[in-house]
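Okay, structure first, notes after.
The values are calculated or read from the model by the stated rules, or taken from the named source; none is laboratory data. The structure presented is a predicted model; accordingly, all values stated were derived computationally and were not measured. Positions of Cβ are generated from backbone atoms using ideal geometry, with glycine treated the same way; all protein chains shown enter the neighbour counts. When the accessible area is computed, the model is the full protein with side chains, heavy atoms only, and any ligands, DNA or RNA have been set aside. Shrake-Rupley method; radii C 1.70, N 1.55, O 1.52, S 1.80 Å.
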Amino acid sequence: MTLVDDAPTPAPARGDGPGLLAAIAAREPSIRILTDPGTREAHRRDETAWLATGLPLAVAEPATTAQVAALVSLCAEFGVPMVPRGAGTGLSGGSAGIEGALTISFMRMNRILEIDHDNLTVTTQPGIVNADLKAAVAAVGLFYAPDPASYETCTIGGNLGTNAGGLCCVKYGVTRDAVLGLEIVTAAGTVIRLGGKNVKDVAGYALMPLIVGSQGTLALVTEATLRLRAAPAPRTTLLAFFPTIDTAGDAVAAMTKGGLVPVTLELMDRFTVCAVDDVHHLGLDREAAAMLLVESDLPGDAGIAEIEQAEAACQTAGASMVLRAADAVEADWLRAGRRLAFRALEQLGVARMEDIGVPRSRIPDMLRAIAVVAAEHDVTIGTFGHAGDGNLHPTFVLDRDKPDEALERIAAAKAALYEATLELGGTVTGEHGIGASRQAWLLRQRGEDAVAMMRSIKRALDPADLLNPGRVLG
Ligand SMILES: Cc1cc2nc3c(=O)[nH]c(=O)nc-3n(C[C@H](O)[C@H](O)[C@H](O)COP(=O)(O)OP(=O)(O)OC[C@H]3O[C@@H](n4cnc5c(N)ncnc54)[C@H](O)[C@@H]3O)c2cc1C
């Protein structure tokens, strides 16, 4: 089956854009609105440069929840769609521009409102950058776990929009697992609070988990109360190199089966290892077919014991070399190298990252399937990802001088990749979201009845289809 997975041609502008801008200027003059061509153009895309997008009517930069609510009410009055946006690092076109829509940037709403040590929570506005939030809570001995590889640039609002994962989900879960409360603005411009600081709360339907990961299609998030933990111990870090991709996959499957829960269990294949080493000169084994980065944040002997177990699993699976980071600085470099894998691949050509997930025992099968797809379709794929979660990022790398040459082969390879993923019981997106791409595959993966249920939720919460229309459900 061949399915189109890239965004369709952008829809024409909807609503009365000039009327909206005039009304904002007249009725809400304190809201910052940017209409210059440079700013609008800069908000046309997120990190998915290959997707078709539209040019926003304008970019609004609200500073308060009240301003967000006012903007939403005015957009509803004038029938103009809205695109909520954080830092624009998304990899599914979720915050890319829609022709004639108002992009609502949350970057100015970046204040931490409260760190509650007694309840281990932080309450924050959505525009704060993930790393800044982490640093602020670390300064008082606390830890916010979710850490997408893009954590130095992406925002908490974007993380909530995509239900972002990252490098320590294997132990601490994804963004949704860290959310206790949300303040949202509905499509009608009403401000609603969901959840709060209660660790257990089953009053009514679970709306909060529905909003998290909905990519701005059901409500706009204006505040979040997030779960914190006591700062964990310094990490013990292990690197393992493997002669074949299969043996690396076997080591991951063995660790999962053995009940090991390291804080990090990341994989890079040879192509990616070499790309990272070219840029960062980490002295990685460029001959190995794959590398695993395994870390424990258990204190003292427990951390050493956990890493010894991981080491044993790697040796049994056939690792060619296993070594520990000499110190925290070396461990930081190795982790940073993994975080920058996509950027390193971008040095080699036009890089298009995929985001498949499979049950963890099927990681070896998935790695084999990726190799088959690359060979059969004559495409270059660098694979890395959160192996401990079963979440891999096979990344197509196209010749920068003639990227169009490979497009047909890439489309066929992508379809084959997704088919293989679904055959293994997997998902076409583990953490980046359906966004403006992969929509045909949403139907293929979830089935008509489930997608119909999603559509009825969308209709109930956003009857005029103004919140990020065309995203997720198409
Ligand atoms: C190099 C690189 C590495 C990455 N690594 C990871 C990774 O390890 N794990 C991972 O999960 N992702 C990763 N990503 C993808 C991306 O960083 C995440 O999806 C991140 O959550 C996006 O945050 P953002 O602030 O850039 O949001 P944006 O891209 O601006 O928006 C993302 C989505 O959230 C919605 N949104 C934004 N703010 C709000 C709000 N206030 N209310 C409602 N909806 C909102 C948008 O409409 C959009 O649909 C990576 C990206 C890059 C470029």
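Other residues lying with their Cβ under 11 Å from the Cβ of Asn130 contribute a combined charge of -2, Lys and Arg counting +1, Asp and Glu -1. Please give me, ordered by residue number, the trypsin sites (Lys or Arg not before Pro) of segment 183-248 that lie in loop per DSSP and have at most 12 other Cβ atoms within 10 Å. Hits after loop and neighbour filter: Lys200. With contacts taken as Cα pairs under 8 Å and at least 6 residues apart, segment 112-230 reaches a relative contact order of 32 percent.
Temperature 25 °C, viscosity 0.890 mPa s: under these conditions the Stokes-Einstein estimate for segment 93-218, based on its Kirkwood radius over C-alpha pairs, is 160 µm² per second. Using C-alpha pairs under 8 Å with a sequence gap of at least 6, the mean separation divided by the residue count of the chain gives a relative contact order of 16 percent. Amide H contacts of Val179: Arg227, each under 5 Å away and 5 or more positions distant or on a separate chain (H built 1.01 Å from N in the peptide plane; Pro and chain starts excluded). Between the amide H of Gly213 and those of Gly161, Thr162, Asn163, distances stay under 5 Å, these residues lying 5 or more places away or on another chain, with hydrogens modeled in the peptide plane. Our coupling estimate for segment 24-38, obtained by passing each phi through the Karplus curve with A = 6.51, B = -1.76, C = 1.60 and θ = phi - 60°, is 4, 4, 7, 9, 10, x, 7, 7, 6, 10, 10, 10, 5, x, x Hz, Gly and Pro reported as x. Surface calculation, 1.4 Å probe, protein heavy atoms: Val80 sits at approximately 0 Å² accessible. The HN-Hα couplings worked out from phi for segment 378-390 by the Karplus form 6.51 cos²θ - 1.76 cosθ + 1.60 (θ = phi - 60°) are 6, 10, 8, 10, x, 10, 8, x, 8, 4, x, 9, x Hz, whole numbers, x standing for Gly and Pro. Accessible surface for Cys154 stands near 10 Å², nearest 10, in the context of the full protein assembly shown (1.4 Å probe).
With every protein chain left in place, what is the accessible area of Leu228 in Å² (1.4 Å probe, nearest 10)? Surface accessible to solvent at Leu228 totals approximately 10 Å². Each stretch of four or more DSSP H residues adds -39500 (n - 2.57); spread over every residue of the chain, this sum gives -10500 deg cm²/dmol at 222 nm. Database remark: amide H of Thr121 closer than 5 angstrom to the amide H of Asp116, Leu228 (H placed geometrically; neighbours at sequence offset of 5 or more, or on other chains; Pro and chain starts carry no H). Translational diffusion of segment 362-473 was estimated from the Stokes-Einstein equation, with Rh taken as the Kirkwood radius over Cα pairs; at 37 °C and 0.692 mPa s the coefficient is 209 µm²/s.
Compared with the dominant principal axis of the Cα atoms in the chain, helix 407-423 is inclined by about 80°. Each of Gly166, Leu239, Ile33 was scored by the projection of its Cα onto the charge dipole of the chain, and the greatest displacement toward the positive side belongs to Ile33; charges sit on the C-beta of Lys, Arg, Asp and Glu.
Per-residue Karplus couplings for segment 133-139, computed as 6.51 cos²θ - 1.76 cosθ + 1.60 with θ equal to phi - 60°, are listed in order as 5, 4, 5, 5, 6, 5, 5 Hz, Gly and Pro entered as x.
Using only side-chain charges placed at the Cβ, +1 for Lys and Arg and -1 for Asp and Glu, the dipole size of the chain relative to its Cα centre rounds to 1120 debye.
Equivalent-ellipsoid semi-axes for the chain (Cα gyration tensor, √(5λ), whole Å, largest first): 37, 27, 20.
Treating the angle as unsigned and between 0 and 90°, give the value, to the nearest 10°, between the Cα long axis of helix 65-78 and the longest Cα principal axis of the chain. Between the helix axis and the principal axis of the chain, the angle is about 60 degrees. Considering all different alpha carbon pairs of segment 286-426, the Kirkwood hydrodynamic radius works out to 16.8 Å. Relative to the longest principal axis of the C-alpha atoms of the chain, give the angle of the C-alpha long axis of helix 448-461, reported between 0 and 90° and rounded to the nearest 10°. Relative to the chain, helix 448-461 is tipped by roughly 40 degrees.
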